[in-house]
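Single-structure report; data block below.
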Amino acid sequence: MPHVPGTQETAVKLVGVNKWYGKFQVLRNLNLSVARGERIVVCGPSGSGKSTMIRCINGLEEHQEGRILVDGTELTDDGKIGDAIRREVGMVFQHFNLFPHLTILENCTLAPMKVRGLSKAEAEEVAMHYLTRVRIPDQAGKYPGALSGGQQQRVAIARALCMKPKIMLFDEPTSALDPEMVKEVLDTMVGLAGDGMTMLCVTHEMGFARQVADRVIFMDKGEIVEEAPPAEFFDNPKNERSRQFLAQILH
Amino acid sequence: MELNFDDVTRYGALLIEGSIFTVVVCVAAGLVGLCLAILFAEGQRRAARALRILIRAYVEFIRNTPFIVQLFFIFFGLPSAGVKIDANTAAFLALTLNVSAYFTEIVRGALETTPKGQYEAGAALGLRPRQVFFHVVLRPALAKVWPALVSQFTLVFLGSAAMSQISAEDLTFAGQFIQSRTFRAFEVYIVVTLIYAGLALAIRSLLLLSGGRLFPWLRGAR
């Protein structure tokens, strides 16, 4: 069947992906298929390669072996393909990475204007829509430095959504937050999941995983060790390493 | 000793013209120099190896030779290479090349402190590297080193007095001219010194203040 963009049932596909930092192998033979609309939670000990994996999916890092297909397009070292894929894949970072010199509104309109070619008015309309969704439209004129961590992360989510991505990647979105701000960010993500967004979340928020994940993927030492629906993964982990990990994070 | 400023005041128009020329040529050199410095600084980080070496050589050459020699090099050197150039233009050229070399080092340092996450966030939004540089990285980097750029510019402004040596019509040149007509050397240089001090202070304060407007996100709490 010829490939028609946007009609793929598989949003993300990894086939035999290997990656090394120098001689150190960080990703080992990863195979993963994420269906459109599926919500995946990736967990595992630090250094297990989970962040590296999702960073490979939007080409922020290169893989050396194997294939990564996003919405049917294979990620190669052709810069144009990387740009095209990043347009369709939103990413939220652990440390928010808002642009400090732009207001909240400008953070949200920059890429839609420069990359999608929206007019300022169109971009601002879209931005206000998503800022309202993450419940901070009243902060639009402020600079990121004036916002709390939780608010900044919600802006970062809105900023990614303004590009109308087909897939959202979350790289430990709540790890850098004060405890009382975790919930507001998770609530935003739960809302997003409810809309049918394809999501890959690296997180240790097991409550979130139980609530929204279709599948939990457990990684250790660069490998996918176990993948299962959350109920099965938490209540009855099959792999020894998963059990050890869960024993450590669930008190 | 008796001071008499009457002769100096008679040539007041010359001093004003000289002051204006000094300010205009320095500000123009500063602006063009900053634009060049931004390109050179980013070029040193990204351009092809040969270009990087060329930029490096230029920066080191300028930073390790006296300004007045650079001035002579351009004013006397270019004509012998067949390029006709008047003193004022030569002065502008020399000042620009001089200030941009120092600015390049300052801006490069600032670019190097940019958090990796800023590049990644830009790339993740689909911005191309050039867009990330101009829309994401550049302004915060300049904001960080603005005071350093302002002090460097002040140094260049004061050092610009050297351009009188190739008879560019700056403030010092006006002073020399008046002195040669009136023989009131001390009075002339008292006035010239005060004008330099006033201009330097005014320019420095104006630039530091305008930092608040250029980089509004730094106002208030960080």
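For this structure, a couple of remarks:
- Residue check, A:Leu102 at the interface with another protein chain (Cβ under 10 Å from one of its Cβ atoms), more than 13 Å from the chain's Cα centre (by Cα), part of a loop (DSSP other than H, G, I, E, B) and in contact (Cβ under 8 Å) with a residue 60 or more places away in the chain: no
- Criterion (over 17 Å from the mean Cα position of the chain (by Cα) and of a type in the set (Lys, Arg)) met by exactly one of A:Arg154, A:Arg135, A:Arg87, A:Arg159: A:Arg135
- The residue of segment A:152-180 that is nearest to the other protein chains (Cβ to nearest Cβ), among those that are more than 19 Å from B:Ala124 (Cβ to Cβ) and open to solvent by 40 Å² or more (accessible area, probe 1.4 Å), is A:Asp178.
- Each residue in segment A:194-214 was checked for being open to solvent by 40 Å² or more (accessible area, probe 1.4 Å) and touching a helix residue (DSSP H, G or I) at 6+ places or on another chain (Cβ under 9 Å), and 7 of them qualify.
- Test: residue in segment B:167-189 that is within 25 Å of A:Tyr143 (Cα to Cα) and of a type outside the set (Ser, Thr, Tyr): no
- Within the set B:Ile55, B:Ile16, the sole residue that is in a helix (DSSP H, G or I), of a type outside the set (Asp, Glu) and without any contact (Cβ under 8 Å) to a residue 24 or more places away in the chain turns out to be B:Ile16.
- Residue count, segment A:110-137 (criterion: open to solvent by less than 10 Å² (accessible area, probe 1.4 Å) and within 11 Å of another protein chain (Cβ to nearest Cβ)): 2
- Unique residue being in contact (Cβ under 8 Å) with a residue 60 or more places away in the chain and acidic (Asp, Glu) when the list is B:Glu169, B:Glu120: B:Glu169
- Yes/no for A:Gly72 being closer than 15 Å to A:Val155 by Cβ and among the small types (Gly, Ala, Ser): no
- Exactly one residue out of A:Leu105, A:Leu131, A:Leu75 is at pLDDT 95 or above and under 21 Å from A:Met199 (Cα atoms), and it is A:Leu131.
- Subset of segment B:101-118 that is closer than 30 Å to A:Ile54 by Cα and open to solvent by 50 Å² or more (accessible area, probe 1.4 Å) - its residue that is farthest from the other protein chains (Cβ to nearest Cβ): B:Glu112
- Looking only at segment A:75-99, and only at residues there that are in a loop (DSSP other than H, G, I, E, B) and open to solvent by 40 Å² or more (accessible area, probe 1.4 Å), the one that is farthest from the other protein chains (Cβ to nearest Cβ): A:Thr76
- Candidate set from segment A:43-69 (those that are touching a Ser or Thr at 6+ places or on another chain (Cβ under 8 Å) and not in a loop (DSSP other than H, G, I, E, B)); member that is most open to solvent (accessible area, probe 1.4 Å): A:Leu69
- Extreme residue, farthest from A:Arg135 (Cα to Cα), among residues of segment A:181-193 that are touching a residue at least 12 places away in the same chain (Cβ under 8 Å) and surrounded by fewer than 18 Cβ atoms within 10 Å (Cβ to Cβ): A:Val190
- Against the list (1) open to solvent by less than 10 Å² (accessible area, probe 1.4 Å); (2) more than 23 Å from B:Gln131 (Cβ to Cβ); (3) touching a Gly at 6+ places or on another chain (Cβ under 9 Å), the condition A:Gly72 fails is (1).
- All conditions in (1) within 9 Å of another protein chain (Cβ to nearest Cβ); (2) open to solvent by less than 20 Å² (accessible area, probe 1.4 Å) hold for A:Ala140, with the sole exception of (1).
- Any hit, segment B:150-168, residues being on the phi > 0 side of the Ramachandran plot and modelled with pLDDT under 95: yes
- Residue match in segment B:173-185 (condition: surrounded by fewer than 18 Cβ atoms within 10 Å (Cβ to Cβ), over 19 Å from the mean Cα position of the chain (by Cα) and within 24 Å of B:Ala148 (Cα to Cα)): no
- Total residues in segment B:121-134, condition surrounded by 20 or more Cβ atoms within 10 Å (Cβ to Cβ), within 9 Å of chain A (Cβ to nearest Cβ) and part of a helix (DSSP H, G or I): 4
- Some residue of segment B:194-211 being modelled with pLDDT under 95, within 14 Å of another protein chain (Cβ to nearest Cβ), open to solvent by 30 Å² or more (accessible area, probe 1.4 Å) and out of contact with any Cys (no Cβ under 7 Å at 6 or more places or on another chain): no
- Of the residues B:Asn64, B:Asn98, the single one that is of a type outside the set (Ser, Thr, Tyr), within 22 Å of the chain's Cα centre (by Cα) and buried (at least 17 other Cβ atoms within 10 Å of the Cβ) is B:Asn98.
The values are calculated or read from the model by the stated rules, or taken from the named source; none is laboratory data. Small disclaimer: the values here were computed from a predicted structure and weren't measured. Backbone-built Cβ (ideal geometry, glycine too); neighbour counts: all protein chains shown. Ligands, DNA and RNA are excluded from the accessible area calculation, which covers all protein heavy atoms including side chains. Shrake-Rupley method; radii C 1.70, N 1.55, O 1.52, S 1.80 Å.
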